[in-house]
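Scroll down for the structure; my scribbles are underneath it.
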Amino acid sequence: MDEASSADTETMKGEGPRARGSGTESVYKALRHEILTMERPPGSPLDETRLSEHFGMSRTPIREALLRLTSEGLVTSLPNRNTIVAVIDFSSLPTYFEALCLMYRVTTRGAAQRSGEAWMAEIVRHQDAFAQAVEAQDAFAMIEANREFHVAIAERAGNPYYTTFFARLLDEGRRILRLYYQTFDDRLPRRYVEEHEKIIEAIRSGDVEEADRLSIAHADQIVRQIQDYVARNIAAAKLPNL
């Protein structure tokens, strides 16, 4: 096989040759976006052959993209070798929320305890992106910016173990956060942007107790809203397969 033919196996239909690995990256980003926005709902099949036809690529980049998504907990490989979008285990939400709320507190308190401007520019940058996403009613952008905002706060706190664990929790909760935004029809009230702004002010001023209070309130209202949403929909039998 000559070089042109080899490159063509990693090429989208109608496009020129791609750099090695770019096919995997484009499939990964597309599928990840569809999963996180619920365009591909929990439990839906991910057949390599059909995906290969859909993206106009060989099965190799499809398989590699699915492996990346599996490592993030967004895709599940079943014993029969079928691959599906990972289901959301609502029975585990209480313990998930307990860990999430704890990490909101410990990272925000830790960030307020650090003096200087370390990581403040990153925190503000992600907050600006979050505010823009809220204004645009772009749920996917809100999810991404919110994740990066809280990870940047954890980075300022300075404990890499906390940062890694919190990032993992936020990643696992992306689709849960999507449900949260659905409770507002993606029209997230401005007060949630303002909550972030107040957290930034508390961190910058070094007010540890205020940062703690704000993080508790911020986490509690998110958890309460999602719990109410899940309870309503389970009662109405609208989430049988999630």
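Taken together, the values in this text are just the output of simple stated rules run on the coordinates, not laboratory data. These figures come from a predicted structure and were not determined experimentally. Heads up, the Cβs are rebuilt from the backbone with ideal geometry, glycines too, and the neighbour counts pull from every protein chain shown.
Can you compute the modelled spin-label distance between ARG114 and ALA136, with each label point 7 Å from Cα toward Cβ, in nm?
Calculated label separation equals 2.8 nm.
Long-range amide H contacts for LEU46: which residues qualify at under 5 Å (H placed 1.01 Å from N, peptide plane, sequence gap of 5 or more or a different chain)?
Those qualifying (amide H under 5 Å, at least 5 residues apart or on another chain) are THR83, ILE84, VAL85.
Which value results when the Cα radius of gyration for segment 47-146 is divided by 2.2 N^0.38 Å?
1.52
Can you list the residues, at least 5 places off or on another chain, whose amide H is less than 5 Å from the amide H of MET38, using H built in the peptide plane?
Answer set, sorted by chain and number: none.
Just the number, please: Stokes-Einstein D of segment 172-222 in µm²/s, Kirkwood Rh from C-alpha pairs, 10 °C, 1.306 mPa s.
133
Within the chain, which is the longest segment containing none of the trypsin sites (Lys or Arg not before Pro) that sit in a DSSP loop and have at most 15 other Cβ atoms within 10 Å?
Here the longest segment lacking exposed loop sites spans 115-186.
Would you mind telling me which residue in ALA167, ALA152, ALA217 has the biggest mean-square fluctuation in a Gaussian network model of the chain, where springs connect alpha carbons within a distance under 10 angstrom?
Taking springs between Cα atoms under 10 Å, the residue moving most is ALA217.
At ASN82 and ALA30, where each label point lies 7 Å from the Cα along Cα→Cβ, what is the point-to-point distance in nanometres?
2.3
Given a 10 angstrom Cα cut-off, can you work out which residue in ALA136, ALA211, ALA202 is the most mobile in a GNM of the chain?
Most flexible of the set in this elastic network: ALA136.
Apply the Karplus parameterisation 6.51 cos²θ - 1.76 cosθ + 1.60, with θ equal to phi minus 60°, to every residue of segment 29-40 and state each ³J(HN,Hα) to the nearest whole Hz, in sequence, with x for glycine and proline.
5, 5, 5, 4, 4, 5, 6, 5, 8, 6, 5, 10
List the residues, sorted by chain then number, that are 5 or more residues from VAL75 or on another chain and whose placed amide H is less than 5 Å from its amide H.
THR70, ALA86
Taking the inverse of the average 1/r across all pairs of different Cα atoms in the chain, what Kirkwood radius in Å do you get?
Result for the chain stands at 19.6 Å.
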